[in-house]
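All remarks here apply to the structure that follows.
The values are calculated or read from the model by the stated rules, or taken from the named source; none is laboratory data. What you see is a predicted model, and the numbers here were worked out from it, not measured in a lab. A quick note on method: Cβ atoms are made from the backbone with ideal geometry, for glycine too, and the neighbour counts reach across all protein chains shown. With ligands, DNA and RNA removed, areas are computed over all heavy atoms of the protein, side chains included. Shrake-Rupley method; radii C 1.70, N 1.55, O 1.52, S 1.80 Å.
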Amino acid sequence: MATTANTEATSDGFKLRLMHFKQRFDVSMLFWLLMIAILLFLVVNPLFRLIQISFQDGDTGAYTLGNYFAAYGKARYREALLNSVELGLCVATVCTLVGTPIAWAVSRTDMPFKGFVRLTILGTFIIPPYLGAIAWILMAGPNAGWFNRIYIWLSGAEHGIFDIYSFTGLVVVISLYSLPYVYIFISSGLDVISSEMEDAANILGAGKFRTTLRITLPLALPAIIAAFVIVFLESIALFGTPAFIALPARFHVVTTQLWQFFIFPIRAEVAAAYAMPLLAVTIFLFLMQKWILRRKGFVTLTGKGGERREIPLGIWRWVLFGYCMFIASLTVFIPMAVLILAAFSTAWGRGLSWDNLTLDNLRHILLTQETTQTAIFNTYTYAAASAVLAITVALAIAYIVHRRLVPMGNVLAVLAMCPFVIPGVVLAIGFYAAYTSPPFMLYGTAWILIFAFATRFLPIAYANSHAMVRSMNPEMEDAVRILGGSRVYAVRKVVAPLLKRSLVGTGLLVFIPATRELSAALFLYAPNTRVISVLLFDLSSEGVFENLAALGLVLVVSSVTLVVIGFKVMGRDFMIRS
Amino acid sequence: MCSLLKYLSFATLLALAGAQVSAAETDKVLYEKAKAEGQVVWYASSPRTSVAEKMGRAFEAHYKGIKAVVVRTTAQTIFQRLSMDLRSNNPIADVFTTSDAGHIVELKRKGLLTSWTPPNVVNMISAFRKYNDKDGYAYVVFGGIIGITYNTKLVSAVDAPKDWPDLLNPKWENQVTIGHPGFSGYAGTWVVQMNNMYGWSFFEKLEALNPHVGRSITDTVTMLNSGERSIGVSNLAAGIASADKGNPIGVVYPKSGTVFMPTPTGLMKSSPHPNAGKLFLNWLLSPEAQQLIADVRYEPAVKKGVKTQPGSIDLDTIKLVRPTPEEIVKGIPEVKEKFRDTFGI
């Protein structure tokens with residue numbers, strides 16, 4: 001009797017001690033620390049190595065400023081940097097201006113066929129920008145482009161008016177394929193604004209247009225600014241599209257110039273030094289964003305209440321729809337027509353005719369060319385893994401920063417945004433420098449690609465998570481904690497379900513670009529970890545456009561299929577708003 | 001006397017037979033060792049991916065049990081890959097083929113290649129054999145030729161340029177397309193050769209005609225196919241192959257000389273599969289591989305007696321020119337800079 005009582009007492013005592021321990025030391029803190037550790041691994045280590053080698057001499061390893069002199073000594077290199085900044089600003093502006101009406105139309109008006117418009121945006125997102133660029137070259141090439149030929153035929157002029165090989169051409173192509181970012185950010189921002197404020201404005205006498213400009217859009221300002229920043233950073237980090245368009249147009253941007261530093265003799269140290277100003281640009285942009293949003297309240301999501309009504313537009317809904325279709329034809333319909341035509345032609349230059357049609361290109365790509373099947377598998381597995389990693393870390397960090405779980409949280413936010421301004425090429429160099437020597441021997445493995453992709457798209461995931469967490473009132477989590485749950489419990493049971501839809505959207509925002517990511521993959525791939533983007537890039541310099549188009553078609557079709565399956569599995573038909 | 005002669009001839013016969021046997025034996029021994037290694041990784045900037053992979057598979061069919069992994073991209077890129085592998089102490093490539101002879105010179109200088117004489121080298125045409133590395137570090141497994149191509153729908157055969165200086169005719173303004181020596185080994189060699197033959201003013205005059213500068217020398221064929229440009233400086237094999245499919249491409253072998261591109265291949269010292277590498281290199285020089293190259297590549301084969309495709313040409317009937325390896329090693333980095341200054345990129 002005494003022994004059992006004793007044992008009971010001991011086990012009770014133990015349980016009591018454990019409870020005291022749990023109360024004093026929130027175990028969930030470990031989880032946050034783990035996330036921070038992962039962030040450091042993904043972002044800080046490569047960045048640190050990058051900064052370190054920028055100060056090291058290539059041959060001797062001694063510390064020197066020589067790389068910076070080499071990087072900025074030549075006027076051509078400085079010009080490339082200016083070109084990039086100019087490109088980024090132009091693209092971000094054009095893209096925001098063009099994309100906001102589309103986002104507003106889908107989110108807040110009664111425009112018809114919204115599901116279809118959303119589909120076209122998805123299509124734009126899935127088509128790799130460099131594939132779009134290739135199609136655009138065929139559409140707007142100064143001599144043989146379709147648009148120019150039509151213009152000449154219609155107007156009888158001697159020359160066409162479109163020249164894709166120009167700064168304007170580059171801005172147009174990149175803007176078109178960056179529209180999805182603008183759409184996703186701004187429509188997410190607009191979605192959560194309840195109609196109460198618009199009603200208040202209407203009651204006080206403002207018309208629809210004025211309400212939109214003075215009430216709705218300013219409320220979505222965080223989203224608009226986030227979109228602007230992301231598009232800026234995305235456009236200066238692109239490699240494929242500038243390689244196809246800027247090079248023949250005779251100007252360099254930072255990414256194509258960096259590539260030159262890597263052509264024999266490799267000057268990785270100079271490349272690292274060259275990339276440093278871009279870091280400064282990110283920090284500057286981030287500070288700007290904070291400053292603009294400093295004293296405004298944007299809490300509009302308080303649980304699941306708040307009605308959102310569509311604004312009736314009358315005849316203007318058709319005008320808006322026409323506008324959306326016009327944009328969609330420039331990004332999806334015409335380029336895809338070009339690709340399909342080329343993919344099924346024996347000889348692209350022969351033009352349209354029945355005897356020119358063939359399935360051989362597809363057959364060759366899918367069955368004969370060995371690398372394709374492995375590449376397809378690799379592409380989708382790496383993209384999925386990196387998406388999961390990125391949103392987990394991004395949401396955790398956004399939460400930590402917003403709820404001030406650790407001091408100096410803003411440093412974490414900057415870190416999370418950093419990778420996007422580092423062009424994929426340079427990030428890959430950083431990863432290469434950090435993870436191809438002991439203790440981390442990741443070269444040639446799939447992991448280095450997955451980590452690189454996750455890091456590359458962490459800023460997008462973070463920006464979205466940041467907006468999501470910011471729009472959530474802490475009251476709900478406080479309610480959970482008052483009732484005895486830990487923070488992690490609050491996140492699991494309250495925050496995550498509320499954000500579920502946005503999380504899926506964010507996941508896709510990482511997954512899809514990861515499937516078509518070129519600049520990072522180009523540096524880190526090994527023969528058995530090749531992905532489709534690398535294959536496409538190689539094929540583009542082989543003069544066999546038909547095969548290239550076939551492979552591009554395969555990528556687009558399989559991505560679309562996977563996304564559709566994903567949506568069905570998640571229980572949402574993306575045609576219907578839930 | 002008779003018996004001595006008989007003895008001598010018998011000995012010679014034996015020696016020859018012995019040589020045959022020992023060559024076959026080397027092959028067999030090598031094959032066994034290679035099978036133990038399991039695979040060979042081939043980094044190549046030439047031929048085109050589809051051809052390179054066909055060759056890989058033919059190798060696998062011939063030597064069962066050894067996988068051939070083919071990595072093909074443009075010359076500067078594949079060399080960059082190789083350099084990165086070596087820098088990170090993670091050698092992957094066994095056999096390295098590049099269209100920029102300067103790479104081989106550089107690798108040899110740093111002691112990164114293995115010297116070995118493949119038995120099949122005896123089959124090479126002497127025209128090609130002289131481009132092999134004297135110390136056995138590199139062999140010319142195939143050669144390519146750079147000439148002038150034109151879009152037959154836009155330019156008639158009569159009007160097409162017949163020689164390199166014809167490209168500078170003002171009537172070709174906005175019509176020419178070329179590759180970039182910063183990306184393409186072929187383009188680099190061509191620029192060095194033009195510089196040698198005509199001086200740098202050739203490019204200054206060319207720049208005034210606003211040529212389209214792509215990346216690879218094969219980009220030019222795509223440009224011509226689409227009709228975006230009508231005259232190109234291209235790898236003629238690609239041009240002929242495209243024409244064969246029905247695209248409107250015509251080729252011209254310039255009078256002053258078609259630039260010849262022997263594409264050297266070497267064995268990496270750090271090769272993870274040295275025996276498989278040797279087997280592969282030797283196989284590349286075999287009649288079977290050479291016939292495959294000629295069949296699918298439309299290019300002159302390095303081996304004697306290989307049937308070439310109609311449309312491609314016997315190298316003996318045209319004038320070939322080419323810079324020396326030393327000119328290439330010094331020349332390509334130099335002309336890259338000059339090219340960038342003249343053309344702005």
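The contact between chain A and chain B removes approximately 5000 Å² from the accessible area (both sides summed; 1.4 Å probe; ligands, DNA and RNA excluded).
Residues of segment B:32-56 that lose at least 40 Å² of accessible area (1.4 Å probe, protein heavy atoms only) when the other protein chains are present, relative to their chain alone, are B:Thr49, B:Glu53. Computing Rg and the Kirkwood Rh from the Cα coordinates of segment A:359-457 gives a ratio, Rg/Rh, of 1.12. Comparing B:Pro170, B:Pro274, B:Pro323 in a Gaussian network model of chain B (Cα springs below 10 Å), the most mobile by mean-square fluctuation is B:Pro170.
Could you tell me which of rounded, prolate or oblate describes segment A:77-195, using a ≥ b ≥ c as the square roots of the eigenvalues of the alpha-carbon gyration tensor, with rounded for a/c under 1.5 and, failing that, prolate when a/b is larger than b/c and oblate otherwise? Judged from the Cα gyration tensor, segment A:77-195 comes out oblate (a/c at least 1.5, b/c at or above a/b). For B:Lys130, the aspartates and glutamates whose Cα comes closer than 20 Å to its Cα, not counting residues fewer than 8 places off in the same chain, are B:Asp100, B:Glu106, B:Glu299, B:Asp314, B:Asp316, B:Glu326, B:Glu327.
Largest GNM mean-square fluctuation across B:Tyr31, B:Tyr139, B:Tyr150, computed for chain B with C-alpha springs under 10 Å, falls on B:Tyr31. For chain B, the spherically averaged projection of the C-alpha convex hull amounts to 19.8 nm².
Helix hunt in chain B: which complete DSSP H runs extend at least 27 Å axially by C-alpha with mean Kyte-Doolittle at least -1.0?
Details: long enough: B:2-37 (51 Å, 0.41).
Passing helices, by number: B:2-37.
Any chance you could give the angle, 0 to 90 degrees and rounded to 10, that helix A:496-516 forms with the longest Cα principal axis of chain A? Helix A:496-516 sits roughly 30 degrees off the main axis of chain A.
Taking Cα atoms only, the orientation of helix A:167-191 departs from the longest principal axis of chain A by about 30 degrees. Using every pair of separate Cα atoms, the Kirkwood estimate puts the hydrodynamic radius of the protein assembly as shown at 30.1 angstrom. Solvent-accessible surface of protein heavy atoms, probed at 1.4 angstrom with all chains present, puts A:Trp153, B:Trp42, A:Trp146 in the order A:Trp153, A:Trp146, B:Trp42, largest first. Mean partner shielding of peptide B:249-261, defined as the number of other chain Cβ atoms within 10 Å of each residue Cβ, is 0. Between 0 and 90 degrees, the angle of helix A:545-569 with respect to the longest Cα principal axis of chain A falls at about 30 degrees. Our compactness index for segment A:437-578, the C-alpha radius of gyration over the empirical 2.2 N^0.38 Å, is 1.38. Taking a straight line from the alpha carbon of B:Lys205, these aspartates and glutamates sit under 15 Å away, with near neighbours fewer than eight places off in the same chain left out: B:Asp166, B:Glu173, B:Asp341. Where does chain B land at 222 nm, in deg cm²/dmol rounded to the nearest 500, when only DSSP H runs of n ≥ 4 count, each adding -39500 (n - 2.57), divided by all residues? Counting only the DSSP helices, I get -14500 deg cm²/dmol. Of the residues B:Pro181, B:Pro262, B:Pro325, the one that moves most in a GNM of chain B with alpha-carbon contacts below 10 Å is B:Pro325.
Rounded to the nearest 500, the helix-only mean residue ellipticity at 222 nm of chain A stands at -22000 deg cm²/dmol, with each DSSP H run of n ≥ 4 adding -39,500 (n - 2.57).
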